[in-house]
Amino acid sequence: MIRLITFFVFFLTLQINCNGQSFFNYTDTVFEVGQIRRIEVTYQLSGGCGPRIESLPILDSIYNFLEMNKNLKIEIGVHTDCRSDSMFNVEISNMRARKVEGYLIEKGIDTNRMEYKGYGENDPKTVDSEINRMYPFLTIGQKLTEEFIKKLDTVEKQEIAHMLNRRTEIKIIEISNRP
């Protein structure tokens, strides 16, 4: 029996804008079906929870990728840390995910090609080898739960763990037969 594995390619390039800030463009990273990619999106703290202007280049990269791969359906998942009320965290993460979806729809992506989900604090990040390399005090496989974070010995380490839990992720959830 032959097993067919489907994957798509993002091309990731570092670009520097005129203010000296860097941003990534998805142009060379392998992205397999079901695999989750964290994207760097920062959100407005007021004015509707939409993406901040510095996040638009990465969202434009997602738009370009979806335009090149019109047979893909994605999930936009937004996560929070655990420091607010659990219901509020789900609500705010849903609002943020909906804003990202809205931005992509405004650019021209069909609403049927996207789903959004606000996870709130309900799916803490699990430490992988990349995170462990950046933050050696975190052990590979450790889930960054509220209980674990409270046990970290410095406020700085706790803030890093909270920051890792606050994330926006894109996941390919379906490939259609249409081009």
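Every number in this text was worked out from the coordinates using simple rules, so none of it is lab data. Values in this document were obtained by computation on a predicted structure and should not be read as measured data. Cβ: placed from backbone, ideal geometry, glycine included. Neighbour counts: every protein chain shown.
Tell me the net charge near residue 103. Cut-off is 13 Å between Cβ atoms, residue 103 excluded, with +1 for each Lys or Arg and -1 for each Asp or Glu.
Once all neighbours under 13 Å are counted, the net charge is +2.
Taking θ = phi - 60°, what integer Hz values does the Karplus form 6.51 cos²θ - 1.76 cosθ + 1.60 yield along region 59-76, in sequence order, with x for Gly and Pro?
5, 5, 5, 5, 4, 4, 4, 5, 5, 6, 10, 5, 9, 9, 10, 10, 10, 9
Kindly write out, for region 141-155 in residue order, the coupling ³J(HN,Hα) from the Karplus curve 6.51 cos²θ - 1.76 cosθ + 1.60 (θ = phi - 60°), rounded to whole Hz, with x marking Gly and Pro.
x, 6, 8, 8, 6, 4, 4, 5, 4, 4, 7, 5, 7, 9, 5
Can you list residues from other chains, or at least 5 along the same chain, whose modelled amide H is less than 5 Å from the amide H of residue 39?
Result for residue 39 returns 168, 169, 170.
Would you please give the residues with an amide H less than 5 Å from that of residue 115, counting only those at least 5 places away or on a separate chain, with H modeled from the backbone geometry?
74, 75, 76
Let me check against my output: what whole-number percent is the relative contact order of region 36-90, with C-alpha pairs under 8 Å and at least 6 apart?
Answer for region 36-90 is 19 percent.
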